[in-house]
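Engineer: Take a look at the following structure, please.
The values are calculated or read from the model by the stated rules, or taken from the named source; none is laboratory data. Just so it is clear, the model here is predicted, and its values are computed rather than measured. For neighbour counting, all protein chains shown are included, and Cβ atoms are generated from backbone atoms with ideal geometry for every residue, glycine included. Each accessible area value is taken on the protein alone, full model and side chains, heavy atoms only, with ligands, DNA and RNA left out. Shrake-Rupley method; radii C 1.70, N 1.55, O 1.52, S 1.80 Å.
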Amino acid sequence: MAAKTSDFSVKQRQINEDIKNATFKQCYLIYGEEAYLRNQNRDKLVKALSGDMASMNFSRYEGNDLNPGEIIDMAETMPFLSDKRVILIENSGFFKNGCPELADYLKAPAETTFFIFAEKEVDKRKDIYKTVSKNGFEMCCDEQDEGILKTWIAGKVKSEGKSISPRALAFMIDRVGTDMSNISTELEKLICYCMDKSEITEEDIEAVCANWLTNRIFAMTDAIVEKNQKRAIDLYYDLLALKEPPAKILALITRQFNLMLQVKEMSDNRRDNGSIASAVKLAPFLVGKYINWAKGYSREELVETLELCAGNDEAVKTGKLDYVISVEMVIIKCTAGK
């Protein structure tokens, strides 16, 4: 990670120098998992090259069904009352799946046209990547490590005339996660909350900042009971990447289905929502949600799911099953049929 971070810093300085000196490459590729950094550098380049996205010499293309010929035709169009035409292409898949037409064109594009590509994923074996890397500029915006994030947060806090301790910094990252867009949003809320204070504390963070990791866990369990298998699996592996223990995830899935079983039985016995909420210790507004979820399962299916959760937990503890696979098996079983 240290090497990646160092490379990112070098690339960031180079973009800043290009903008400062107005010495632009004809094509820029900004890519990687960290959307905040991608968007930040995209916007800086757009502003420096074209002024803003409303300029008549600015064109934006987005999506994976773009027509390369149409883009090339636009690139060959002379700019109006300007020396630059700027073309922004986002999330096209060109750098993942390849685009021979653009790869060839970018070897010698119109001198007045400047390209900015913003992509989440790239395949460095594709000709278009090799062309931009050789003739233009490419920059990887990967997720940053905790040390870099702490420095970044501390800098933003300091720019607002406030301080934050190393302990509070660590607590904030644990609470809101490592996504820079999310951190930026939570920082804005936090700074407004601490307007009359000189130091941001752990208590302030707990009072204001959403627990992003917990929200993601519940989004996954929501996807499971809604039988959205792809989203549930994607969220599960996101949580594993964030070092969330599979045992905790399985416990939350078990809790969700146990609540659904209890709510279903009480609803079938014509208990009103208020008494159900009181019995299972749920917020009253959530009872209707659980009732609707439970309608997608028979009582036998809910019991079978709880038995599966318990059985897999026992199999892991006795060394018969891997925890990661055991939870995936539960998710697939629970979401089967959609």
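Engineer: Are any residues in region 29-68 part of a strand (DSSP E or B) and either among the hydrophobic types (A, V, I, L, M, F, W, C) or open to solvent by 20 Å² or more (accessible area, probe 1.4 Å) (or both), and if so, which ones?
Structural biologist: Correct list: Leu29, Ile30, Phe58, Arg60, Tyr61, Glu62.
Engineer: Cβ-Cβ below 8 Å, separation at least six or inter-chain, first residue in region 19-34 and free of Cβ contacts under 8 Å to residues at least 40 places away in the same chain, second surrounded by 21 or more Cβ atoms within 10 Å (Cβ to Cβ) and not in a loop (DSSP other than H, G, I, E, B): which pairs?
Structural biologist: Ile19/Leu45
Engineer: Scan region 177-196 for residues that are closer than 28 Å to Gln40 by Cβ and open to solvent by 50 Å² or more (accessible area, probe 1.4 Å) and report the count.
Structural biologist: Count: 7.
Engineer: Pairs, please: C-beta under 6 Å, at least 6 apart or cross-chain, first residue in a loop (DSSP other than H, G, I, E, B) and in region 134-153, second among the small types (Gly, Ala, Ser) and buried (at least 17 other Cβ atoms within 10 Å of the Cβ)?
Structural biologist: Cys141/Gly32; Asp142/Gly32
Engineer: Would you confirm whether or not region 253-273 contains a residue that is closer than 30 Å to Glu143 by Cα, in a helix (DSSP H, G or I) and modelled with pLDDT under 90?
Structural biologist: Yes, some residue in region 253-273 is closer than 30 Å to Glu143 by Cα, in a helix (DSSP H, G or I) and modelled with pLDDT under 90.
Engineer: Please go through region 16-48 and pick out each residue that is more than 21 Å from Asn91 (Cα to Cα) and in contact with a helix residue (DSSP H, G or I) (Cβ under 6 Å, 6 or more places away or on another chain).
Structural biologist: Matches in region 16-48: Ile19, Phe24, Ala48.
Engineer: Still on this model: Please list, ordered by residue number, the helices (runs of 4 or more DSSP H) wholly in region 274-338 having 2 or more residues that are among the charged types (D, E, K, R) and either open to solvent by 20 Å² or more (accessible area, probe 1.4 Å) or in contact (Cβ under 8 Å) with a residue 12 or more places away in the chain (or both).
Structural biologist: Ranges flagged: 299-317, 323-334.
Engineer: Which one is least open to solvent (accessible area, probe 1.4 Å), of the residues in region 97-112 that are of a type outside the set (Phe, Trp, Tyr), outside any loop (DSSP other than H, G, I, E, B) and out of contact with any Pro (no Cβ under 7 Å at 6 or more places or on another chain)?
Structural biologist: Ala103
Engineer: Considering only region 230-240, I want to know if a residue exists there that is open to solvent by 30 Å² or more (accessible area, probe 1.4 Å), touching a Ser or Thr at 6+ places or on another chain (Cβ under 7 Å) and not β-branched (Val, Ile, Thr).
Structural biologist: No, region 230-240 has no match at all.
Engineer: Need pairs with beta-carbon distance below 8 Å; first residue part of a strand (DSSP E or B) and within region 74-96, second crowded, with 22+ Cβ neighbours inside 10 Å and of a type in the set (Ser, Thr, Tyr); sequence gap 6+ or separate chains.
Structural biologist: Arg85/Thr113; Val86/Ser50; Val86/Thr113; Ile87/Thr113
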